[in-house]
Amino acid sequence: MQFRKSKPAPGVFIDSDFSTIDSVLAVALIYGMQDKNECRMVTISMSRSSLPAAAYLDVVERFFHGPAGNFSQLPAIGMPDRGAPLATPAAYVTPLKRTKADGSPAYKVQVTRMVDTADPCTLFRNYLEAQYDGNTSFVLAGPATNLAAALDFRGLKPLIPRLKHLVFATGPADGNIRTDVAAAKRIFAEWPTPIVVAREDLGASLPFPGVSVDKEFAATSPDHPVADAYRAYKTMPYDAPSWAMTAALYAGRPNAGYFKMSDPGVFSIKADGTLAFTPAPDGKHQSLIFDPSQKDRILADYVQLASAKPVPPRRFFKKVDAEDPKDDAAKADADAADAKEAAEPAVAKPN
């Protein structure tokens with residue numbers, strides 16, 4: 001008998017402007033599911049530029065890869081070098097200034113220049129090319145700016161149908177739509193995969209329990225970048241609306257029954273930037289609906305997953321019988337997985 005690589009756990013891309021703390025909590029949630037081998041974080045990208053925010057997100061990414069994270073070759077944080085910059089929240093600056101009792105930095109900052117980040121569309125293309133069909137989802141928790149650009153990016157649009165679906169958290173007052181209405185219109189009109197929408201009322205109905213930051217998160221690590229950001233984002237104690245977390249939870253566990261689903265239909269955007277929904281049996285759009293009976297379960301899973309202790313990434317294997325006539329096909333599948341895994345990483349931007 002010999003061991004060959006198997007199909008990995010489903011992957012998740014996440015793109016946001018990271019203007020609210022729930023997007024960082026969504027990143028932590030995805031890593032919590034990754035620790036349970038339920039999904040994989042593929043890439044993290046920003047829809048607006050902010051070098052301090054990119055540096056902070058890189059720290060978070062390395063934190064969740066465990067002690068080896070500071071030395072690992074991880075995907076660069078995607079960040080555009082165009083458009084209006086993000087006014088960086090203190091939540092992302094304060095943690096990077098923290099020091100330990102001996103005066104040393106609490107976190108190792110490795111993103112200090114634009115060249116340390118990656119172009120988002122290049123990141124999407126290179127990493128989507130390395131995924132199996134239907135084995136990856138995309139969480140959009142910010143303006144659709146990057147995804148609209150992806151529709152025009154060389155070599156990327158033909159790869160988008162590999163995604164299982166796009167889960168779009170529209171944010172407070174559907175602000176993720178209003179920030180870039182033109183981009184959102186294109187996504188709802190042209191995006192080739194199913195789209196699942198998590199609207200404002202869903203995240204507002206499921207506030208993240210802030211008390212867990214000084215309990216479960218503190219028990220995980222005394223230096224926790226997500227807990228530090230949560231404390232710096234707003235005066236404690238507070239419970240944060242979980243707009244992005246609802247989208248991330250559904251993307252990682254689509255069959256868990258956390259939410260009710262609307263009938264299929266088509267979303268469009270009115271002139272004033274508000275969403276309109278037209279029911280259609282063959283429509284590719286649906287929305288997540290709050291289910292009060294699942295509230296306690298969801299909040300408990302929010303805390304348990306987002307505060308999970310980092311573990312090293314797992315390898316995925318399956319047995320292949322070398323004498324089985326089906327072995328040639330299995331070996332070809334495994335070799336294809338090897339080739340995908342070795343796909344060229346995203347190209348960083350020059351100075």
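The values are calculated or read from the model by the stated rules, or taken from the named source; none is laboratory data. This one's a predicted model, so the numbers in the text were calculated from it and none came from an experiment. Neighbour counts run over all protein chains shown; Cβ positions are idealised from the backbone, glycine included.
Descriptive notes on the structure:
- Matching entry among 213, 181, 167 (being among the β-branched types (Val, Ile, Thr), touching a residue at least 40 places away in the same chain (Cβ under 8 Å) and in contact with a helix residue (DSSP H, G or I) (Cβ under 8 Å, 6 or more places away or on another chain)): 167
This table checks each residue for (1) under 17 Å from residue 276 (Cβ atoms); (2) in contact with a Ser or Thr (Cβ under 7 Å, 6 or more places away or on another chain).
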| position | (1), (2) |
| --- | --- |
| 143 | no, yes |
| 152 | no, no |
| 179 | no, no |
| 191 | yes, no |
| 195 | yes, no |
| 202 | no, yes |
| 206 | no, yes |
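- Residue match in segment 78-89 (condition: surrounded by 21 or more Cβ atoms within 10 Å (Cβ to Cβ) and at pLDDT below 95): yes
Let's see how each residue does on (1) farther than 19 Å from residue 217 by Cα; (2) buried (at least 20 other Cβ atoms within 10 Å of the Cβ); (3) touching a residue at least 24 places away in the same chain (Cβ under 8 Å):
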| position | (1), (2), (3) |
| --- | --- |
| 25 | no, yes, yes |
| 53 | yes, yes, yes |
| 73 | yes, no, yes |
| 105 | yes, no, no |
| 119 | yes, yes, yes |
| 122 | yes, yes, yes |
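- The residues of segment 229-244 that are surrounded by fewer than 24 Cβ atoms within 10 Å (Cβ to Cβ) and assigned to a helix (DSSP H, G or I), listed by number, are 231, 232, 233.
- Options 240, 244, 219, 251; residue that is under 28 Å from residue 168 (Cβ atoms) and out of contact with any Asp or Glu (no Cβ under 8 Å at 6 or more places or on another chain): 251
- One residue stands out in segment 114-123 among those that are touching an Asp or Glu at 6+ places or on another chain (Cβ under 9 Å) and in a helix (DSSP H, G or I): the one that is farthest from residue 254 (Cα to Cα), namely 114.
- Any hit, segment 245-260, residues being more than 30 Å from residue 108 (Cβ to Cβ), assigned to a strand (DSSP E or B) and in contact (Cβ under 8 Å) with a residue 24 or more places away in the chain: yes
- Selection within segment 128-145 - out of contact with any His (no Cβ under 6 Å at 6 or more places or on another chain), under 13 Å from residue 254 (Cβ atoms) and of a type in the set (Ser, Thr, Tyr): 136
- Considering residues of segment 261-315 that are among the small types (Gly, Ala, Ser) and without any contact (Cβ under 8 Å) to a residue 60 or more places away in the chain only, the residue surrounded by the fewest Cβ atoms within 10 Å (Cβ to Cβ): 271
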